[in-house]
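Asker: To start, I am sharing the structure in question, which I have written as structure tokens.
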Amino acid sequence: QIQQMNTGQKAIPGFVVEFASHTDNDVVSITKRHEYFEAGVQVVWWVYPLHQEVHVYTSPKIVTICTDNDMISAAPALPELKMTVAELFRK
């Protein structure tokens with residue numbers, strides 16, 4: 001991605017983190033997820049700070065809902081990036 005950007009090409013990230021907001025509605029969230037995967041994104045973490053919950057999408061239809069000590073991963077985009085939900089929200 002960095003090489004593409006250095007040559008002026010548009011780079012699509014393999015991994016995206018989206019933070020849910022109380023102003024988001026389902027239509028907006030679903031549309032964004034579809035757009036990410038249509039663009040070539042491989043993994044989306046949809047983070048819900050209020051509930052300390054992370055929804056890990058590996059396609060628009062495949063999601064794993066994680067809380068507490070559940071492991072979240074950015075694989076296959078970044079297989080080395082993994083942590084528990086508790087670690088993500090640790091202050």
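Asker: Nearest-5 percent of antiparallel DSSP beta bridges in the chain? Write down the numbers at each step before the final one.
Answerer: On the way: 14 of 19 bridges.
Of the beta bridges lying entirely in the chain, close to 75 percent run antiparallel.
Asker: Give the angle, between 0 and 90 degrees and rounded to the nearest 10, that separates the Cα long axis of helix 26-39 from the longest principal axis of the Cα atoms of the chain.
Answerer: Helix 26-39 and the main axis of the chain meet at about 40 degrees.
Asker: Work out how much length residue 23 to residue 87 would gain on full extension: take 0.36 nm times their residue separation and subtract the Cα-Cα distance, in nm to one decimal.
Answerer: Numbers: separation 64, 0.36 × 64 = 23.04 nm, distance 2.58 nm.
Stretched fully, the residue 23-residue 87 segment lengthens by 20.5 nm.
Asker: While we're looking at this one, here's another question. With a probe of 1.4 Å, find how much accessible area the chain has per residue, and write the answer as a whole number in Å². Mind showing how you got there, number by number?
Answerer: Values: 6260 Å² over 91 residues.
Solvent-accessible surface per residue comes out at 69 Å².
Asker: Next up: Spin-label point model (7 Å from Cα, Cβ direction): what's the residue 30 to residue 63 distance in nm?
Answerer: Rounded to a tenth, the inter-label distance reads 1.0 nm.
Asker: Given the rule -39500 (n - 2.57) for each run of at least 4 DSSP H residues, summed and divided by the residues of the chain, what is its mean residue ellipticity at 222 nm, to the nearest 500 deg cm²/dmol? The partial results should precede the final answer.
Answerer: Values: 3 runs with 24 residues, N = 91.
Calculated mean residue ellipticity at 222 nm is -7000 deg cm²/dmol.
The values are calculated or read from the model by the stated rules, or taken from the named source; none is laboratory data. Keep in mind that what you see is a predicted model, and the values were worked out from it rather than measured. Every residue, glycine among them, receives a Cβ derived from its backbone with ideal geometry; neighbour counts consider all protein chains shown. Only protein heavy atoms, including side chains, enter the accessible area calculation; ligands, DNA and RNA are left aside. Shrake-Rupley method; radii C 1.70, N 1.55, O 1.52, S 1.80 Å.
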